[in-house]
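The block underneath contains the structure these notes are about, expressed in C-alpha cells.
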Amino acid sequence: MLYVPNDKERDPRVNLAIETYLLQNMPLDEPILLFYINEPSIIIGRNQNTIEEINKEYVDEKGIHVVRRLSGGGAVYHDFGNLNFSFIMPDDGNSFRDFKKLTEPIVEALHKLGIEGAQLKGRNDLVIDDKKFSGNAMYSTNGRMFAHGTLMFDSDIDEVVNALKVKKDKIESKGIKSIRSRVTNIKDYLPADKQNMTTEEFRQAILLQIFGVDSVDQIKTHELNEQDWKVINQISEEYYKNWDWNYGRSPEFNLERQKRFPIGSIEVRLDVANGEIEKAKVFGDFFGLGEIKDVENQLIGTRYEKKALEESVDQIDLTHYFGNITKEDFLSLIY
C-alpha cells in the first residue's frame, strides 16, 4: 500500500480534489491511502439535493463550506475533530458496496488502539455501543474506485445537529429520536493514557496500525509534487469550488415522491405535462454505479401511465444505479 501524506491542507474543496486526482491520475499498482482533516464543512452525497440537506441560514452565518463529493450516500459534517480516510484502488468487480471488506483495516486499527467495540453495522456505518462514529461511501469509474469515510474523533456534535437537516423517515428508520443519541466520538472510548491525543496524533496512530510499523519512515509514500498540485488545483476549480457542482439548479416540479428502501432513500421529482414526463430529477443517499442522469433521461418522454412506465423502467438496470431494488419497488415510488 502507498501512503500520500497530506498534513496541512484543511480546505475540503482541495482535499476532495486530491482524492479525485489520485483516483484519476495515479498509477494503481497498489492501493493508495489518503487521510485528510477539513475545516468546518458539509460534504454532500453525489445524488443529494443540497439545499434540502443543510440548514442554509446557519451554514451561511457560520461560513461553513458546502461541497458535493463524487460518491453517493448521505450528507456528513466535518470539522477539525474529524479524520477522513480514503482507500483508492482498482475496481475488481466485487468490492463495490462491500463496506465490511473495505472498512476492515480501520476497524482492526481501532481494536489495536484499545477500542474493541468498534464494528460495522447496517449498510455503511461504523459504530461503538450502537452509536455511529463513521459514515462510509464509495465511487467507481473506469475500472478504479475509492472507499472513503469519516472518523469522528473529537467533533463538535452540537454543530453536526445545527448544520444538517435530517429527514424524519431516516431518523425513524434507525429507531432513535435524535442525532445526538445516535452519534459519538472515538476519543471517548480511548484508554486513559490516550485521552489527550489530538486529531493529528490519532491520524498517525491509525496510520502506523494500518501499515503495521513503528515509524512513519517505514511507510512507502508519495509526496505530491508541483505537477500533481497543478492538476489538483484545476480539479478543485472545475468541481469543488464550483457553485453549479455543489448546489446545482433544480427546476420546479409538479410531482414529488420519496421512499426509504433498505438501500437508502430515493426521491423522484417529475414535471408531467400533457400526460408525459418532461423533466425528471432523482435524488437520494443510495450507492449507485454510473450516472443517475441516465435514469432521468430514460424517464423523460415517457407517458405517465403504468404500462408505459413499466416499459421504460424495464430499460434501466436498477441494481447498477441504485443497488438491490426491484422493478416493483421503483414503480411504487414513481407511480
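The values are calculated or read from the model by the stated rules, or taken from the named source; none is laboratory data. Computed from a prediction, not measured in an experiment: that's the story for all the values here. All Cβ positions, even for glycine, are placed from backbone atoms using ideal geometry, and neighbour counts span all protein chains on display. Heavy atoms of the whole protein, side chains included, go into the accessibility calculation; ligands, DNA and RNA do not. Shrake-Rupley method; radii C 1.70, N 1.55, O 1.52, S 1.80 Å.
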Margin query: Go through (1) at pLDDT below 95; (2) touching a strand residue (DSSP E or B) at 6+ places or on another chain (Cβ under 9 Å) for T319 and report which single condition fails.
Written below: (2)
Next item on the list: Under 6 Å between Cβ atoms, at least 6 apart or on separate chains: pull out the pairs that start in segment 125-141 with a residue that is within 20 Å of L190 (Cβ to Cβ) and assigned by the TED database to the domain that holds P105 and end on any residue that is open to solvent by 10 Å² or more (accessible area, probe 1.4 Å) and of a type in the set (D, E).
Entry: K132/D125
Item checked: Yes/no for D60 being within 19 Å of N242 (Cβ to Cβ) and open to solvent by 50 Å² or more (accessible area, probe 1.4 Å) -> yes
Check: With L33, L16, L22 as the choices, which residue is of a type outside the set (G, A, S), assigned to a strand (DSSP E or B) and open to solvent by less than 10 Å² (accessible area, probe 1.4 Å)?
Finding: L33
Item checked: Residue list for segment 226-266, restricted to those being open to solvent by 70 Å² or more (accessible area, probe 1.4 Å) and of a type outside the set (D, E, K, R) -> Q227, W229, N233, Q234, Y239, W243, N254, Q258, P262
Notebook entry, point to check: If you check N38, N94, which single one turns out to be assigned by the TED database to the domain that holds F146 and buried (at least 21 other Cβ atoms within 10 Å of the Cβ)?
Noted result: N38
Note to self: Against the conditions (1) at pLDDT 95 or above; (2) surrounded by 11 or more Cβ atoms within 10 Å (Cβ to Cβ), where does K167 fall short? Just the number, please.
What the structure shows: (1)
Note to self: With the requirement that a residue be open to solvent by 20 Å² or more (accessible area, probe 1.4 Å) and among the acidic types (D, E), what does segment 267-314 give you?
What the structure shows: D271, E276, E278, E291, D294, E305, E310, E311, D314
Note to self: Can you find a residue that is under 25 Å from R257 (Cα atoms) and in the same structural domain as T199 (by the TED database) anywhere in segment 75-88?
What the structure shows: yes
Item checked: Failed condition for F287, given (1) among the aromatic types (F, W, Y); (2) over 26 Å from the mean Cα position of the chain (by Cα); (3) closer than 16 Å to N47 by Cβ -> (2)
Next item on the list: State all residues of segment 23-56 that are under 12 Å from L70 (Cβ atoms) and more than 16 Å from the chain's Cα centre (by Cα); if no residue qualifies, say none.
Entry: Q24
Margin query: Give me the residue from segment 315-335 that is β-branched (V, I, T) and surrounded by 12 or more Cβ atoms within 10 Å (Cβ to Cβ) and, out of that set, farthest from E291 (Cα to Cα).
Written below: I334
